[in-house]
Amino acid sequence: MSIIEKDLHASLKKHFGFGNFKGLQEEVIKSLLSGNNTFVIMPTGGGKSLCYQLPALMQEGTAIVVSPLIALMKNQVDAIRGTSHIDGIAHVLNSSLNKTEVKQVKQDITDGVTKLLYVAPESLTKEDNVEFLRTVKISFMAVDEAHCISEWGHDFRPEYRNLKHIIQRIGDNIPIIGLTATATPKVQEDILKNLGMSDATTFKASFNRPNLYYEIRPKTKNVDADIIRFIKQNEGKSGIVYCLSRKRVEELAQALQVNGIKAVPYHAGLDAKTRSKHQDMFLMEDIDVVVATIAFGMGIDKPDVRFVIHHDIPKSIESYYQETGRAGRDGGEGHCLAYYAYKDIEKLEKFMSGKPVAEQEIGQALLQEVVAFAETSISRRKFILHYFGEAFDNATGDGGDMDDNVRHPKKQLEAKDEVKLLLEIVDSTNDTYKSKDLVNVIIGKENALINSHKTHEQPFFGKGKHHDKLYWMALVRQVLVAGFLNKDIETYGVIKLNDEGRDFIKNPKSFMMTEDHVFDQENDDSIIT
Ligand code: ADP
């Protein structure tokens, strides 16, 4: 071990009582201590906070931590003060402080006592704060929840947009560390660009959660009964059931209670006292199940949640990943069960209808991924990890058999010729269409867009009509995951041919496709409408 490594381990022990670093923490900290801009992408629970807390405690000056979550900032400040026994070592600077308190915070910073200063972005934009911070020694800037800077993140905050400017004003050469648990390539690109740190050293942990089992079931009229049956089969285990609306949360919690399940509701419409009571009951295991809207879960650290059920499908793969990620944090069993009907997608689309156009387009593109995920018959783990820019091989990867599609595979069909045709059509149409219209071209279905490009007059128009729309939609998705095509984000989903795809056209190989699940509500009157 080198001197710096020994130093790091000694500081880790001294400040946090841990014997070892977790995952990439040590490399991240070394990078930041060397003065590099550093970018950390780790799933929730990966141990991101320590990546800036430890170097802050080890260095001269104050580290500024930008975070949108006031409650979490407070928890962190309390925890650090508790272990160091120095109150001034960490502070929060926000609008809730009175004049005397602000004075004390500034004094502690000037005296070199404060190592960590947590600020919300809106406090950081205040002129007198910026002016003050320019005059003191800043060790580095940490931007937590850095995805808030991107409109493609699930939690866009316009105030994050100004950060680059403000950081530059506070000091020229202050190293920046950005941290996020959102891993899509587009969000990463936005973070680097918008924080002005495209030179950053990036550290990305795997997003694979091998102990989680992923399952999607069609949503029928009997969804409540199905959920009750599932919970009864898992009696005594802790779980969360997510619903879209407060009303549904109340109804379902009642239905569970009537059926002898120890369950409580949780949503933002309940008063603070009831919410915190219900949360405590869950943590203390007085009850087994929380039926909740997405208001529940942020910062809840219950390691033995054994199942997460989605009564309604979430609006993005990120949300699905975050919410299912609350299961099995102790490494034990974690069953993730989601109910899906296309009707629910239409409901989510309706919610977006009043929003600005760009936001709607992004929302649509994210929803289409959810549809693809629900309907796919390929490994769900592989799908999720591909979405996060990570390759996964079911034969060799951890947790490769932990989803419904792998455990109960659908028939596979040879699709070499069809893949070739698909790739050739993408090539011939010059990367013009999103998947739906591309499939319309393949099966020969005209519409205004297709006609405006005169694609309906092309010899390849309708060349794939021996298969139906569902077949081709499934194939497009699988060819995307296989990496022969890319989906362009800037244009909200236009399909483009890449070099691997060009190779395939030249040297076609066997391609085994699995047909998608059919969630066909028109032909099944048991499906909720
Ligand atoms: P994130 O911000 O990535 O969601 P946290 O920073 O909240 O993760 O850390 C998750 C948990 O891991 C916390 O309970 C934290 O105390 C613990 N932890 C972090 N680093 C270590 C370590 N080196 N050894 C043991 N536990 C750690």
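Data for the structure
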read-out	value
Neighbour-count ranking [beta-carbon atoms within 10 angstrom, fewest first] of Lys106, Lys436	Lys436, Lys106
Length-normalised contact order for the range 31-133 - Cα pairs under 8 Å, 6+ apart - percent	32 percent
Principal semi-axes in Å for the range 145-249 [√(5λ), Cα gyration tensor, largest first]	41, 17, 12
Dimensionless Rg ratio for the range 268-370, taking C-alpha atoms and the 2.2 N^0.38 Å reference	1.22
Set of aspartates and glutamates near Lys247 by C-alpha distance (under 16 Å), chain-local residues within fewer than 8 positions excluded	Asp224, Asp271, Asp312, Asp344
Gain in span if fully extended, Ala395 to Asn98, counting 0.36 nm per residue against the direct Cα distance	101.0 nm
Extended-chain gain in nm, criterion 0.36 nm per residue less alpha-carbon gap, Asp503 and Ser428	25.5 nm
Listed residues Pro43, Gly493, Thr184: farthest to the positive end of the dipole of the chain (Cβ charges)	Pro43
For the range 318-392, with +1 on Lys and Arg beta carbons and -1 on Asp and Glu, the positive-most of Gly331, Ala372, Gln360 along the dipole	Gly331
Cut-off 14 Å, label 7 Å out along Cα→Cβ of Asp330, residues of the range 229-249 by amide N	236-239
Per residue convex hull volume, Cα atoms of the chain, in Å³	179 Å³
Relative contact order of the chain, defined on C-alpha pairs under 8 angstrom at six or more residues apart (%)	12 percent
Helix 70-84 axis, angle to the chain major axis (alpha carbon atoms, nearest 10°)	50 degrees
Coil-residue trypsin sites (Lys or Arg not before Pro) of the range 2-84, DSSP, other Cβ within 10 Å capped at 16	Lys22
C-alpha long axis of helix 99-110 to longest principal axis of the chain, angle in °	90 degrees
Surface/4 estimate of mean projected area, convex hull on alpha-carbon atoms of the range 56-141, nm²	5.1 nm²
Between 0 and 90°, nearest 10: helix 469-482 axis offset from the chain longest Cα axis	40 degrees
Rounded to whole Å, sorted largest first: equivalent-ellipsoid semi-axes of the range 225-264, Cα gyration tensor	17, 10, 9
Beta bridges per DSSP with both ends in the chain, % antiparallel, nearest 5	15 percent
Gain upon complete extension [Lys74, Asn451; 0.36 nm per residue less C-alpha separation]	129.9 nm
The range 73-189 - Debye-derived log10 I(q)/I(0), Cα point model, q = 0.11, 0.12, 0.14 Å⁻¹	-0.39, -0.47, -0.63
Within straight-line cross-link reach of Lys126, aspartates and glutamates at Cα separation under 12 Å, skipping those fewer than 8 residues along the same chain	Glu159
Label-point separation, Ala268 to Glu235 (7 Å along Cα→Cβ), nm	3.8 nm
Fewest-first sequence of Asp108, Asp78, Asp403 by Cβ atoms within 10 Å of each Cβ	Asp78, Asp108, Asp403
The range 272-355: relative contact order as a whole-number percent, Cα under 8 Å and 6+ apart	27 percent
Neighbour cut-off at most 12 other Cβ (10 Å), DSSP loop, GluC sites (Glu not before Pro), the range 253-326	Glu285
Dipole in debye (nearest 20) - the chain, about Cα centre, beta carbon charges: Lys, Arg +1; Asp, Glu -1	500 debye
Per-residue Cβ neighbour rank within 10 angstrom, fewest leading, Lys465, Lys420, Lys454	Lys454, Lys465, Lys420
Computed label-point distance, nm, for sites Ile300 and Lys410 using a 7 Å Cα→Cβ extension	3.3 nm
Estimated inter-spin distance, Phe460 and Gln254, nm [label 7 Å along Cα→Cβ]	5.7 nm
Gyration tensor (Cα) of the range 373-529, equivalent ellipsoid semi-axes in angstrom	26, 20, 15
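Rule-based calculations on the coordinates, nothing more; no lab input. What you are looking at is a predicted structure, and each value in this text was computed from that prediction instead of being measured. Using ideal geometry, Cβ is built from the backbone for each residue, glycine included, and neighbour counts are taken over all protein chains shown.
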